[in-house]
Amino acid sequence: MINKKEIFDSLVVNQYNIYNNLFTNLPYEKMQNIGMLIPILYNNSQQGFTNQLTPLQIVEDFFNRYTDIHNEEEQITFLFKIIQYIERQVVLFDSIEDAHFNELVQLYNNSTFQEILAFSKSQHTTDELYQKLATFSVRLVLTAHPTQFYPPYVLHIIQSLRTAVTNNQFSAIDDLLKQLGKTSFFNKVKPTPLSEAKSIIYYLENVYYHAIINMNNYIYQNHTEKINYQLLQLGFWPGGDRDGNPFVTANVTADVTEELRKAIRKCYYKHLKKLSAKLTFYLVDNILLNLSNQLYKSMFSNDYLLTYDEILQPLQEAKKVLLDIHNGLFLDDLEALITAVHIFQTHFATLDIRQDSSIHNQLIDLIAEKYQLSTQTYTNLDDKQKYKLLFDNEIILDENLFEDEVIKDVVINIKQLKNIQTTNGELACNRYIISNSTSALDVLQVYSFFRWCNYNIDEINFDIIPLFETIEGMTNAAPILENLFKHKIYRKHLLRRNNTQTIMLGFSDGTKDAGYLRANWDIFKTKETLTAIARKYDIKIIFFDGRGGPPARGGGKTHRFYAAQGKDIANDAIQLTIQGQTISSMYGHEQQFNYNCEQLITAGLHNELFNDVSPNKQQKKLMDELATMSYNKYVDLKNHPKFLPYLEKMSALKYYNLTNIGSRPGKRGKTKKLIFSDLRAIAFVSAWSLLKQNVPGYFGIGTAINTFYEAGQLHKLQLLFNHFPFFKTLILNSMMSLSKSNFELTAYMKSDKEFGAFWKILYKEYELSKRMVLLVSGYSELMQEEPISRLSIAQREKIVLPLITIQQYALQKIHANSKHQSEYEKMVMRSLFGNINASRNSA
């Protein structure tokens, strides 16, 4: 039997320990002994928390016993150096783990496409497999949500370090670690939406362009019939996502689409240049040279667009000459470029537009008033009157009539989209997402905005996508969808959109709203209900999941999640957001990208072709009961009078919002007072993660399971775990959140006069949840089925233990009104970086 721990230790931990010794040479002025003192601070922290010491006591004891630094200003300087040091240890560990990715993957238990293909052949279902592949797609929508603390130049160093580790280049590693020692790890100013877009376009050019070509070749290597070039698609949010981000304007949208247009032509140009060095043959060389010149000109001229057909046609002509005259020499190389053009066309990635329904409601109120469409305000009309206003009036909107810049931008943006489709192709931007959708009118308003922005009916080449984020929104989703499908004008629009409706579901806000178990189960049921409605009206429905990286934001193991959907949930496509740090941590290099994309493809195929994992009535009843119990426990916590004050005073929430990691504001509302509905899910989840309490990832599950346990019905849930894969997925994801929790860190809070009782509520549910998930699963330890992930988490938690000790120490100093308040606040903020990065997208 393979000892996975020994392999992981050999490949990753031992190599990390060797290279970690190089950190003693990092260029820290007057602080040469930091590398030797960090292990001492780690041991002091570990023993101190076990002995129920406070972070303040642990750090003060460290300074008194192991250093001669007794001046507080010097101690602060020293602690900042430790933070800086540990940040770089995290980078080193990331690089080593990533360098051994291909070897570690062999230890996972996930399926590959080749395994599914072999099984399909044995079952004589190969035709069905490729029929599914012909229409199936996976869309990764890249977002700039602020969970990425590494500035772009640090990411470049990390990639170089990964290569050096892979090739065992000791001297290069030494130089790169020294470079990291001299390089700032944080942005001095907030990034702009355009700079966020450019940092993600870097991955498009340098990783995803080649990776997707190679993945297509891998999938279709033994299949010569028609290829589905849209099997893997890329979506893009920076520059299009306006929800709560006033810095995304029409000018930014134009700039981002221009960057995408240039980027794909640059990729084609570089690809063609390499190809031309091989295809130096009669006639072929001139065809490629002409195309190369045209691509170069198109890169730098907005007046020279060069369409998809104008790029593809010369390549097809070159292919014919190559086959007719030159015996197909280097045909595979030419086919790779042709494949790229089929896939990426002239858009590279599809820019989604997103805006909140409340902004649209403000706009329609103003339209009704300024264009005198009604004697009453739009808001006060009944639904029948609203429908009449939207479809009985033909007007042309003038953006100059609106004073508010955000409202005005909606009109300017919709008008500009037609031009974007002309310059970059229809696939460049053909989706408009409406956040916080609460009625069919939210969708129909946007349809009318297009008409009123001078679009002919057949020019509205856009999918209008409602986003349901809260429990209330998901409850109302079924009647909303039915109303849309019954609406004659909108139904004709769907016919023009290939009779397809896309629905987006927000996992992050759903979990924040209702707790982990209830949110995920409600999303599952909503998908089943909406699928049934779509099938009733003979409309194809696509679900687009707004999933974050960690389980607490709807993330976790994607293959397991999608393979557990069942036949009652539409499975024509898998679409999900890839947020912030997940881009670099899970899709940051070609091997990672290919592996994770393959997992999504195989999940869709497996779910469709080989088993039905839909729950039966009894399983649904159990899930409903569990979800309700869990929800009630979570809502009681949310309603506790100390819930928001605890987050505000005892966590690093407000410091997270001060970091320069994202262009959008830290919360939705403009009020100074903290309001739960204004909290963004990312900051909310991260605050719990930085406390090492991870409440959104499991809270309520322990209580729900324990209710069955005390009633002598635990066996029902054990059967559910073993026979309903979706429930098992949720439990395993909660195990991950529990594994990243460490209540010893904040145990000092139990004696706090204001928050002690509240901390004990959190701790009790954590202990209960840990015990209950082990009972249900039959495991002896958390994440028993995922030893590599468990070992990685354990090593990362070890690296950052001194860091989170320092963070809690600084918070205690702040609460004690230290005369060095501003320095300690900076210390809290800086210690966020390594902690979040080490957790690879938090809890």
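The values are calculated or read from the model by the stated rules, or taken from the named source; none is laboratory data. The model shown is predicted, which means the values in this text are computed figures rather than measured ones. Reconstructed Cβ throughout: ideal geometry from the backbone, glycine too, with neighbour counts over all protein chains shown. Keep in mind that these areas ignore ligands, DNA and RNA; they rest on the heavy atoms of the full protein, side chains included. Shrake-Rupley method; radii C 1.70, N 1.55, O 1.52, S 1.80 Å.
Do any helices (runs of 4 or more DSSP H) entirely within segment 1-110 hold 3 or more residues that are open to solvent by 40 Å² or more (accessible area, probe 1.4 Å), more than 30 Å from Q599 (Cα to Cα) and not aliphatic (A, V, I, L, M), and if so, which? Full working, then the answer.
Values: elements: 4-8, 14-20, 34-50, 55-66, 72-99, 101-105.
Result: 34-50, 55-66, 72-99.
Here are some conditions: (1) open to solvent by 60 Å² or more (accessible area, probe 1.4 Å); (2) among the hydrophobic types (A, V, I, L, M, F, W, C); (3) free of Cβ contacts under 8 Å to residues at least 12 places away in the same chain. L775 meets all but one. Which one does it not meet?
(3)
Kindly evaluate F348 against the criterion of being farther than 30 Å from D398 by Cα and open to solvent by less than 10 Å² (accessible area, probe 1.4 Å).
Numbers: farther than 30 Å from D398 by Cα: yes; open to solvent by less than 10 Å² (accessible area, probe 1.4 Å): yes.
Criteria met by F348.
Matching residues to (1) of a type in the set (A, V, I, L, M); (2) surrounded by 22 or more Cβ atoms within 10 Å (Cβ to Cβ); (3) touching an Asp or Glu at 6+ places or on another chain (Cβ under 7 Å):
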residue: E426; (1), (2), (3): no, no, no
residue: C429; (1), (2), (3): no, yes, no
residue: V446; (1), (2), (3): yes, yes, no
residue: F449; (1), (2), (3): no, yes, no
residue: D458; (1), (2), (3): no, no, no
residue: N461; (1), (2), (3): no, no, yes
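Looking only at helices (runs of 4 or more DSSP H) that fall completely inside segment 583-659, which ones have 3 or more residues that are under 30 Å from T805 (Cβ atoms)? Explain how you work it out, then say what you get.
Details: elements: 590-609, 617-638, 643-650, 653-656.
Qualifying helices (runs of 4 or more DSSP H): 617-638, 643-650, 653-656.
Would you mind telling me which numbered condition in (1) open to solvent by 10 Å² or more (accessible area, probe 1.4 Å); (2) within 30 Å of P191 (Cα to Cα); (3) touching a residue at least 12 places away in the same chain (Cβ under 8 Å); (4) outside any loop (DSSP other than H, G, I, E, B) P314 fails?
Checking P314 against (1) open to solvent by 10 Å² or more (accessible area, probe 1.4 Å); (2) within 30 Å of P191 (Cα to Cα); (3) touching a residue at least 12 places away in the same chain (Cβ under 8 Å); (4) outside any loop (DSSP other than H, G, I, E, B), the one that fails is (2).
Does E472 satisfy the criteria of being in a helix (DSSP H, G or I), under 25 Å from D243 (Cα atoms) and open to solvent by 10 Å² or more (accessible area, probe 1.4 Å)?
Details: in a helix (DSSP H, G or I): yes; under 25 Å from D243 (Cα atoms): yes; open to solvent by 10 Å² or more (accessible area, probe 1.4 Å): yes.
Answer is yes for this residue.
Of all residues in segment 213-237 being in contact with a Phe, Trp or Tyr (Cβ under 8 Å, 6 or more places away or on another chain) and of a type in the set (V, I, T), which is surrounded by the fewest Cβ atoms within 10 Å (Cβ to Cβ)?
Checked segment 213-237; the qualifying residue surrounded by the fewest Cβ atoms within 10 Å (Cβ to Cβ) is I227.
Given the conditions (1) touching a Leu at 6+ places or on another chain (Cβ under 7 Å); (2) within 19 Å of N835 (Cα to Cα); (3) in contact (Cβ under 8 Å) with a residue 60 or more places away in the chain, which single one is not true for E744?
Only one criterion is unmet by E744, namely (1).
Identify, please: which residue in segment 243-260 is modelled with pLDDT under 95 and crowded, with 17+ Cβ neighbours inside 10 Å and is, among those, farthest from L323 (Cα to Cα)?
G244
For D255, are the conditions met, namely being under 27 Å from D352 (Cβ atoms) and in a helix (DSSP H, G or I)?
Details: under 27 Å from D352 (Cβ atoms): yes; in a helix (DSSP H, G or I): yes.
Against the criterion (under 27 Å from D352 (Cβ atoms) and in a helix (DSSP H, G or I)), D255 qualifies.
Of the residues L275, L177, L194, which is in a helix (DSSP H, G or I) and modelled with pLDDT of 95 or more? Spell out how you get there, then give the answer.
Numbers: L177 fails: modelled with pLDDT of 95 or more; L194 fails: modelled with pLDDT of 95 or more.
Answer to the selection: L275.
To keep it simple, each residue is scored yes or no on (1) assigned to a loop (DSSP other than H, G, I, E, B); (2) open to solvent by 10 Å² or more (accessible area, probe 1.4 Å).
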| position | (1), (2) |
| --- | --- |
| G712 | yes, yes |
| L719 | no, yes |
| N733 | no, no |
| L768 | no, yes |
| Q784 | yes, yes |
| I804 | no, no |
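I'm checking my understanding of the structure. Among residues of segment 373-408 that are open to solvent by 90 Å² or more (accessible area, probe 1.4 Å) and in a loop (DSSP other than H, G, I, E, B), which one is farthest from D241 (Cα to Cα)?
Taking the candidates together, the pick is T375.
Sort through Q159, Q131, Q114 and tell me the only one that's under 30 Å from Y655 (Cβ atoms) and part of a helix (DSSP H, G or I).
Values: Q131 fails: under 30 Å from Y655 (Cβ atoms); Q114 fails: under 30 Å from Y655 (Cβ atoms).
From the options Q159, Q131, Q114, the qualifying one is Q159.
Given the conditions (1) touching a residue at least 12 places away in the same chain (Cβ under 8 Å); (2) in a helix (DSSP H, G or I), report the number of the one that D324 does not fulfil.
For D324, the exception is condition (1).
Do we find a residue being surrounded by 14 or more Cβ atoms within 10 Å (Cβ to Cβ), farther than 14 Å from M650 by Cα and within 26 Å of the chain's Cα centre (by Cα) anywhere in segment 755-763?
no
Scan segment 549-576 and report the pairs whose first residue is farther than 17 Å from L133 by Cα and among the acidic types (D, E) and whose second residue is at pLDDT 90 or above and assigned to a helix (DSSP H, G or I), with Cβ atoms within less than 6 Å and a gap of 6+ or a chain change.
Close Cβ pairs (under 6 Å, with a partner that is at pLDDT 90 or above and assigned to a helix (DSSP H, G or I)) amount to D568/E528.
As an exercise: evaluate Y209 against (1) out of contact with any His (no Cβ under 9 Å at 6 or more places or on another chain); (2) open to solvent by less than 60 Å² (accessible area, probe 1.4 Å) and give the number of the one condition it does not meet.
Result: Y209 fails condition (1) only.
Give the residue that is surrounded by the fewest Cβ atoms within 10 Å (Cβ to Cβ), with candidates limited to residues of segment 579-620 that are acidic (D, E) and within 23 Å of L142 (Cβ to Cβ).
Filtering segment 579-620 for residues acidic (D, E) gives 590, 598, 608, 612.
Right, trim to within 23 Å of L142 (Cβ to Cβ) and you get 590, 598.
Numbers: E590: 18, E598: 22.
Checked segment 579-620; the qualifying residue surrounded by the fewest Cβ atoms within 10 Å (Cβ to Cβ) is E590.
So which of Y304, Y282, Y296, Y268 is out of contact with any His (no Cβ under 6 Å at 6 or more places or on another chain), under 26 Å from I200 (Cα atoms) and not in a helix (DSSP H, G or I)?
On the way: Y282 fails: under 26 Å from I200 (Cα atoms); Y296 fails: not in a helix (DSSP H, G or I); Y268 fails: not in a helix (DSSP H, G or I).
None of the other options fit; the residue is Y304.
Could you please give the count of residues in segment 355-366 that are open to solvent by less than 20 Å² (accessible area, probe 1.4 Å) and touching a Phe, Trp or Tyr at 6+ places or on another chain (Cβ under 7 Å)?
Count: 1.
Name the residue, out of L389, L441, that is in contact with a Lys or Arg (Cβ under 8 Å, 6 or more places away or on another chain), closer than 21 Å to P466 by Cα and modelled with pLDDT of 95 or more. I'd like the intermediate steps shown before the answer.
Working: L389 fails: in contact with a Lys or Arg (Cβ under 8 Å, 6 or more places away or on another chain).
Criteria check complete, one pass: L441.
Inspect segment 111-127 for any residue being open to solvent by less than 10 Å² (accessible area, probe 1.4 Å), under 29 Å from Y587 (Cα atoms) and among the hydroxyl-bearing types (S, T, Y) and give the result as yes or no.
Looking for residues that are open to solvent by less than 10 Å² (accessible area, probe 1.4 Å), under 29 Å from Y587 (Cα atoms) and among the hydroxyl-bearing types (S, T, Y), one finds at least one in segment 111-127, hence yes.
With respect to E482, is the statement that it is modelled with pLDDT under 95, charged (D, E, K, R), surrounded by fewer than 21 Cβ atoms within 10 Å (Cβ to Cβ) and over 23 Å from L363 (Cα atoms) true? Write out each step before concluding.
On the way: modelled with pLDDT under 95: no; charged (D, E, K, R): yes; surrounded by fewer than 21 Cβ atoms within 10 Å (Cβ to Cβ): yes; over 23 Å from L363 (Cα atoms): yes.
Spelling it out, it is not the case that E482 is modelled with pLDDT under 95, charged (D, E, K, R), surrounded by fewer than 21 Cβ atoms within 10 Å (Cβ to Cβ) and over 23 Å from L363 (Cα atoms).
Does segment 676-692 include one or more residues that are farther than 19 Å from T628 by Cα, outside any helix (DSSP H, G or I), polar (S, T, N, Q) and open to solvent by less than 30 Å² (accessible area, probe 1.4 Å)? Don't jump to the end; show me each part of the working.
The first filter runs over segment 676-692 and keeps only residues farther than 19 Å from T628 by Cα, leaving 676-692.
Imposing the further condition that a residue be outside any helix (DSSP H, G or I) reduces the set to 679-680, 691-692.
Going one step further and asking which of them are polar (S, T, N, Q), we end up with none.
No, every residue in segment 676-692 fails to be farther than 19 Å from T628 by Cα, outside any helix (DSSP H, G or I), polar (S, T, N, Q) and open to solvent by less than 30 Å² (accessible area, probe 1.4 Å).
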